[in-house]
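Asks: Got a structure here, written out as structure tokens. Questions coming.
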Amino acid sequence: MPRPEVDDGGGPNTARRRAGRHAAVDEVGGDLAKVRVRTAIARTALWCGRVLLAASVVLVVVCRATRDTWADGPFDDAGFAAHGIPSLTMVVLFVTALTAPLTLLPVGSAVLVRVEKGGLTVPTVLGRRSVPCARARGRVLTLPGGGFGLSLLVVSGPRGRWVVVGSSSVWGAEDSARPLSTAHRAHPAIGWLVLAVCVVATSAIHTAGGVAAGVY
């Protein structure tokens, strides 16, 4: 039988073990750094959404209040007032309308999901949403095209509580978006329906904002 390798404290076995430990530490450190970056980006996105909503309201009020200063022209070729205030207002309203499903609905990032006191807690633009895990059900919704591996976990609970957790293969955060083992995959047609509703809502919000601002 072969004799077992004996490490005298400075042999090749010790070097291999040290190299393995260093590699493991480096891997863990790299994963922690990625988590920190993802968390920072997700939290920054939340605050950007809040600032965007606040800026939209302020610009609509300012645009409406100063309408007498730009309503009489000059106008561009499309017939809109060629003035900085209405132009900036409509641009911000367009961005707000595009991101409305993410800012006005209870939607949060998978990297910020926490399970606390038996409930699933997700920070969203409009505040923290919690759904009790004991009576919650999850359904995975994939949007048409699946850009960036995006998937949405719709979690519904008692008394009409619900929240949407978004994850992407780009983030490598698929597992954190699936805290419920009862999640099922929704029919692809639902993804198309959600996309169609978002398109209609984008147009409606932009138009309504323009009317409120006095541009239309």
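The values are calculated or read from the model by the stated rules, or taken from the named source; none is laboratory data. Here the structure is a predicted model, which is why all the values come from computation and not from measurement. As a convention, Cβ positions derive from the backbone with ideal geometry for all residues, glycine included, and neighbour counts pool all protein chains shown.
Asks: Kindly list the number of the only condition in (1) surrounded by 17 or more Cβ atoms within 10 Å (Cβ to Cβ); (2) among the hydrophobic types (A, V, I, L, M, F, W, C); (3) at pLDDT 80 or above that fails for Val115.
Replies: The single condition Val115 does not satisfy is (1).
Asks: Now for a different question. Could you tell me whether Ser56 is among the small types (Gly, Ala, Ser), within 26 Å of Gly166 (Cα to Cα) and surrounded by 12 or more Cβ atoms within 10 Å (Cβ to Cβ)? Explain how you work it out, then say what you get.
Replies: Details: among the small types (Gly, Ala, Ser): yes; within 26 Å of Gly166 (Cα to Cα): yes; surrounded by 12 or more Cβ atoms within 10 Å (Cβ to Cβ): yes.
It is true that Ser56 is among the small types (Gly, Ala, Ser), within 26 Å of Gly166 (Cα to Cα) and surrounded by 12 or more Cβ atoms within 10 Å (Cβ to Cβ).
Asks: What do you reckon, is Thr182 at pLDDT 85 or above and either buried (at least 18 other Cβ atoms within 10 Å of the Cβ) or among the hydroxyl-bearing types (Ser, Thr, Tyr) (or both)? Even if it seems obvious, please write down each step before you answer.
Replies: Details: at pLDDT 85 or above: no; either buried (at least 18 other Cβ atoms within 10 Å of the Cβ) or among the hydroxyl-bearing types (Ser, Thr, Tyr) (or both): yes.
When the stated conditions are applied, Thr182 does not pass them.
Asks: Return a yes/no flag: does region 87-107 have any residue that is touching a Lys or Arg at 6+ places or on another chain (Cβ under 7 Å), assigned to a helix (DSSP H, G or I), crowded, with 20+ Cβ neighbours inside 10 Å and among the aliphatic types (A, V, I, L, M).
Replies: no
Asks: Run down Arg64, Arg128, Arg135 and say which single residue is of a type in the set (Lys, Arg) and part of a strand (DSSP E or B). Walk me through how you get there before you give the answer.
Replies: On the way: Arg64 fails: part of a strand (DSSP E or B); Arg135 fails: part of a strand (DSSP E or B).
Selected residue: Arg128, the only one of Arg64, Arg128, Arg135 that is of a type in the set (Lys, Arg) and part of a strand (DSSP E or B).
Asks: Scan region 108-125 residue by residue and report those that are assigned to a loop (DSSP other than H, G, I, E, B), more than 30 Å from Val62 (Cβ to Cβ) and touching a residue at least 12 places away in the same chain (Cβ under 8 Å).
Replies: Result: Val113, Gly118.
Asks: List every residue pair whose Cβ atoms lie under 8 Å apart, where the two residues are 6 or more positions apart in sequence or sit on different chains, the first residue falls within region 30-42 and is modelled with pLDDT under 80, and the second residue, located anywhere, is of a type outside the set (A, V, I, L, M, F, W, C).
Replies: Every condition considered, the pairs that remain are Lys34/Gly172.
Asks: Right, something else. Check off (1) at pLDDT 85 or above; (2) over 18 Å from the mean Cα position of the chain (by Cα) for Arg128 and give me the number that stays unchecked.
Replies: (2)
Asks: Within region 137-166, count every residue that is surrounded by 16 or more Cβ atoms within 10 Å (Cβ to Cβ) and either charged (D, E, K, R) or at pLDDT 80 or above (or both).
Replies: Within region 137-166, residues that are surrounded by 16 or more Cβ atoms within 10 Å (Cβ to Cβ) and either charged (D, E, K, R) or at pLDDT 80 or above (or both) number 14.
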